[in-house]
Amino acid sequence: MKLIIRPYSKTSFGLSLGLTTFYLSLLVIIPLSALFFKSATLGVSGLWEVFSEDRIQKALYLSFGAGGVAAIINLFVGFLFAWVLVRYEFPGKKILDSLVDLPFTLPTAVAGIALTTIYAPNGFIGKYLEPYGIKIAYTPIGIVIALVFIGFPFVVRTVQPILEDLPKELEESAYCLGATRFQTFTKVILPELIPSLLAGTSMAFARGIGEYGSVVFISGNLPGKTEILPLLIVTKLEQYEYAKATGIAVLMLVLSFTIMFGINYLQNRASRRLG
């Protein structure tokens with residue numbers, strides 16, 4: 001008995017495409033269009049005045065700088081977690097695997113309060129660093145730690161399945177051909193993981209630059225020093241400066257899209273090389 005698979009009809013394709021376009025427009029295109037239209041009411045000179053404001057520029061550098069540093073740290077930390085979870089068996093492995101998803105389920109405000117409690121000058125860890133003049137809470141270092149906390153699961157969960165599905169025969173063949181462990185890792189394993197590493201790192205970066213809840217407590221919100229762009233947007237909204245708030249949001253959107261586009265280009269290029 002032969003199994004006959006019939007092609008999808010044009011009707012089902014049109015219905016699926018229509019529903020996809022409808023929800024994409026409702027959730028993405030229309031809100032983003034409204035964002036651009038509202039910020040356009042400032043005019044070119046008004047937008048330039050917003051972008052050239054010293055407070056906004058410092059918040060921009062801090063948000064993207066801290067997000068980039070945290071993403072790079074997450075690249076290594078997330079890979080290490082994924083490697084340990086896949087390659088080793090040890091007591092408590094399932095518990096550790098479950099804890100990786102904790103930043104996904106934990107409210108970001110709770111995470112921010114917990115990190116502030118730990119790293120504040122009178123906190124569990126901060127009180128031991130304070131005598132040496134080392135401050136973490138209310139500094140850019142605290143912001144980076146918060147972004148690492150909420151971002152590293154993205155790298156773990158994108159790399160872990162690739163490591164699990166990686167054929168053992170590849171490594172065995174490399175060993176049989178005389179390759180060392182370092183050569184096997186750099187020439188056989190790492191090239192297979194590059195697309196997933198870039199994907200996880202880009203998602204961690206995107207989450208980091210838009211993070212608010214876990215950062216707002218540990219940053220201290222000092223204008224020009226530890227003030228992030230999402231907080232500045234909220235401040236503008238509370239002051240009823242809606243056009244300026246949307247202008248800052250458009251700036252974040254354009255820069256984020258440009259960076260993400262570049263990362264996705266590198267990811268696709270690496271995937272084509274593997275293919």
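The values are calculated or read from the model by the stated rules, or taken from the named source; none is laboratory data. Computed from a prediction, not measured in an experiment: that's the story for all the values here. Virtual Cβ from ideal backbone geometry, glycine too; neighbours counted across all protein chains shown. What goes into the accessible areas is simple: the full protein's heavy atoms, side chains included, and nothing from ligands, DNA or RNA. Shrake-Rupley method; radii C 1.70, N 1.55, O 1.52, S 1.80 Å.
General remarks:
- Residue pairs whose Cβ atoms lie under 8 Å apart, sitting 6 or more positions apart in sequence or on different chains, and linking a residue in the stretch 162-175 that is free of Cβ contacts under 8 Å to residues at least 40 places away in the same chain to a partner that is of a type in the set (Ser, Thr, Tyr) and in a helix (DSSP H, G or I), are 162/196; 171/184; 174/184; 175/184.
- Residues of the stretch 14-54 satisfying the condition of being surrounded by 12 or more Cβ atoms within 10 Å (Cβ to Cβ) and small (Gly, Ala, Ser): 25, 39, 40, 46
- Count of the stretch 42-93 residues, restricted to those that are closer than 19 Å to residue 241 by Cα, free of Cβ contacts under 8 Å to residues at least 12 places away in the same chain and aliphatic (A, V, I, L, M), is 1.
- Set side by side, the residues 128, 138 differ, and just one is among the hydroxyl-bearing types (Ser, Thr, Tyr) and outside any helix (DSSP H, G or I), which is 138.
- When 236, 244 are checked against the criterion of being open to solvent by 60 Å² or more (accessible area, probe 1.4 Å), more than 17 Å from the chain's Cα centre (by Cα) and more than 17 Å from residue 67 (Cβ to Cβ), a single residue qualifies: 244.
- Pairs are defined by a Cβ separation below 7 Å, a sequence spacing of at least 6 or placement on different chains, a first member in the stretch 242-264 that is of a type in the set (D, E, K, R), and a second member that is open to solvent by less than 20 Å² (accessible area, probe 1.4 Å) and assigned to a helix (DSSP H, G or I); the pairs so defined are 244/50; 244/236.
- Search result, residues across the stretch 1-43 that are among the aromatic types (Phe, Trp, Tyr), assigned to a helix (DSSP H, G or I) and modelled with pLDDT under 80: 13
- Residue 135 over 19 Å from residue 205 (Cα atoms), surrounded by 15 or more Cβ atoms within 10 Å (Cβ to Cβ) and free of Cβ contacts under 8 Å to residues at least 60 places away in the same chain: yes
- Test: residue in the stretch 205-215 that is among the acidic types (Asp, Glu), within 30 Å of residue 83 (Cβ to Cβ), within 22 Å of the chain's Cα centre (by Cα) and part of a helix (DSSP H, G or I): no
- Filter result (farther than 29 Å from residue 29 by Cβ and part of a helix (DSSP H, G or I)) within the stretch 217-252: 217, 218, 219
- Taking the criterion of being open to solvent by 60 Å² or more (accessible area, probe 1.4 Å) and within 20 Å of residue 230 (Cα to Cα), the residues of the stretch 99-123 that qualify are 104, 107, 110, 113.
- Members of the stretch 83-98 found to be open to solvent by less than 50 Å² (accessible area, probe 1.4 Å) and of a type in the set (S, T, N, Q), listed by number: none
- Among the residues of the stretch 176-221, just one is without any contact (Cβ under 8 Å) to a residue 60 or more places away in the chain, closer than 27 Å to residue 148 by Cα and open to solvent by less than 10 Å² (accessible area, probe 1.4 Å), namely 189.
- The stretch 158-173 - residue that is at pLDDT below 80 and in contact with a helix residue (DSSP H, G or I) (Cβ under 7 Å, 6 or more places away or on another chain) and, of those, nearest to residue 88 (Cα to Cα): 171
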